[in-house]
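Some notes on the structure that comes next.
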Amino acid sequence: MSSVDGLTDYAVVAKDLGVKYDLRLERRRTLRHTLAQIAAGDASATLGRSEFWALEGVTFALRRGDVLGVVGMNGSGKSTLLQVIAGVFPPDAGALTTFGRDATLLTLGTGFDHDLTGRENIYLSAAYLGFSRSKIESEIEAIIEFSELGQFIEAPVLTYSTGMRARLGFSVAVHLEPQILLIDEVLGVGDAGFQRKSQKKLEELIARAEAMVLVSHSEAFIGQMATRVLWLDGGRVKRYGETDEVLEEYLEASYDRLDKHQRAIRTGRVKTDPVKTQDITIARVFDAPRELVWRAWTEREQLAKWWGMRGWTAPPETITMDVRPGGAFRATVINDGDGSQISQEVVYREVVEPERLVMVDDSAADSLHEAAETTVTFTDLPGGRTEMVVHTTIQTTEEARGAAAAGMASSLDRLGEQAGVGGLPCFP
């Protein structure tokens, strides 16, 4: 869009932005079905009562050269905001203005066809992002070199790990130099060396009057990159301001929410929120061989250095580990502030050294919650690096799922902070 008087220093301006979804739009809904729901007193079947506002009253202004970090629990509207800025769909209320070339949304594998090679997907993804073939041709070798995929660039993308796909997608986007770069949960995947290189590339883009909007569950990355932070809660702006101040408040609220949920489980307090199957998946890549990352999960002294979200500590003397199928893991995490304690216990269901751990947490089970199951996989990457993917499935509420994801990401960030080039310095 063209510039507006007084706003030429801005890249994105949102004023009372709103996006709504119609929950009545279901497949195979019939008049008979709708009338039956109305007769049964289902309010969602009646006109005007099924609107869900994913975003409501969102206002912010992003200056050129700034990086906006967007945080919030799952379902708070973060990805919806990026889609509106990218022009995927228009807002239903308020106004959004972008200045200059249209924004480019980067998610894991944007426009990728998993049956095609990495090289073929560069052309496909770049075309999807709106760039000409001549522009792609002029940048393709630089894209391949930056991605560090080497000979794997000629392999089908379906053979790639999550980290490899992320590196390829990121490399395409930043080499095509969109004026406004929108990043949705991508940069948390990557070893220390690639993240440093990515950060340098982003800084080069920003220095050329580019702007960036970043969504990530990694508070360490948000804190490092963002110049301002927007905290969304239920589709509304909870806080918008300086990075350190907003991030501190957000993390404190996330930990309090998770702590309250864990205490509710222990006391058996009934929750009224809807309970359903919830999945949490978080990936990290380390500059260390797989055997060392495996030790971080299976040796007491190593695990004690990172286990537990920020503000909590698991003293080595409280940890017992019998790493074999049917064996138990027990730990007590202690709040650094008030000294409160939470006991944890899981049973190892599967142990395949050094590839996979499957654990069941019976302590999460009560009348509303089934036992949580967590699978941790360790994958070798080129250059002696390791991709670690943690996937947890649990029956719980949406609010608790978001709080648990924030806590898990915080704990894995603590492990990531120990990762350096050539290995994990916590090891002898």
Q | Qualifying position, being over 30 Å from ALA220 (Cβ atoms) and either crowded, with 17+ Cβ neighbours inside 10 Å or at pLDDT 80 or above (or both), among TYR160, TYR123 | A | TYR123
Q) Since ARG236 meets every condition but one in (1) touching a helix residue (DSSP H, G or I) at 6+ places or on another chain (Cβ under 6 Å); (2) modelled with pLDDT of 85 or more, which condition does it not meet? A) (1)
Q) Across the range 97-120, which residue is modelled with the lowest pLDDT among those that are surrounded by fewer than 20 Cβ atoms within 10 Å (Cβ to Cβ) and over 23 Å from MET164 (Cα atoms)? A) ARG101
Q: Return the pairs, sorted by first residue and then second, in which the second residue is modelled with pLDDT of 85 or more and not in a strand (DSSP E or B), the first residue lies in the range 385-402 and is within 21 Å of GLU291 (Cβ to Cβ), the beta carbons are less than 6 Å apart, and the residues are 6+ apart or on different chains.
A: THR386/ARG290; THR386/VAL293; MET388/VAL293
Q) List pairs: first in the range 212-240 and without any contact (Cβ under 8 Å) to a residue 12 or more places away in the chain, second among the β-branched types (Val, Ile, Thr) and crowded, with 18+ Cβ neighbours inside 10 Å, Cβ under 8 Å, 6+ apart or cross-chain? A) ARG239/VAL229; ARG239/VAL246
(Q) Can you tell me which residue is nearest to ASP413 (Cα to Cα) among those in the range 300-351 that are among the hydroxyl-bearing types (Ser, Thr, Tyr) and modelled with pLDDT under 90? (A) THR313
Q: Looking only at the range 120-139, count how many residues are assigned to a helix (DSSP H, G or I), touching a residue at least 12 places away in the same chain (Cβ under 8 Å) and within 28 Å of the chain's Cα centre (by Cα).
A: 8
Q. Going through the range 328-353 one residue at a time, which ones are crowded, with 16+ Cβ neighbours inside 10 Å and touching a residue at least 40 places away in the same chain (Cβ under 8 Å)?
A. ILE342
(Q) With the condition being charged (D, E, K, R) and in the same structural domain as GLY75 (by TED's automatic domain parsing), I'd like the strands (runs of 3 or more DSSP E) fully within the range 208-249 carrying at least 3 qualifying residues. (A) 236-242
Q.
I'm told GLY311 meets every condition in (1) touching a residue at least 24 places away in the same chain (Cβ under 8 Å); (2) on the phi < 0 side of the Ramachandran plot except one. Can you identify the failing condition by its number?
A. (2)
Q: Check off (1) surrounded by fewer than 18 Cβ atoms within 10 Å (Cβ to Cβ); (2) at pLDDT below 85; (3) assigned to a strand (DSSP E or B) for VAL285 and give me the number that stays unchecked.
A: (1)
Q.
Can you pull out every residue in the range 290-308 that is surrounded by fewer than 17 Cβ atoms within 10 Å (Cβ to Cβ) and closer than 23 Å to GLY383 by Cβ?
A. GLU291
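The values are calculated or read from the model by the stated rules, or taken from the named source; none is laboratory data. Quick caveat, the model's predicted, so the values are computed rather than measured. Glycine gets a Cβ as well: all are built from the backbone with ideal geometry, and neighbour counts include every protein chain shown.
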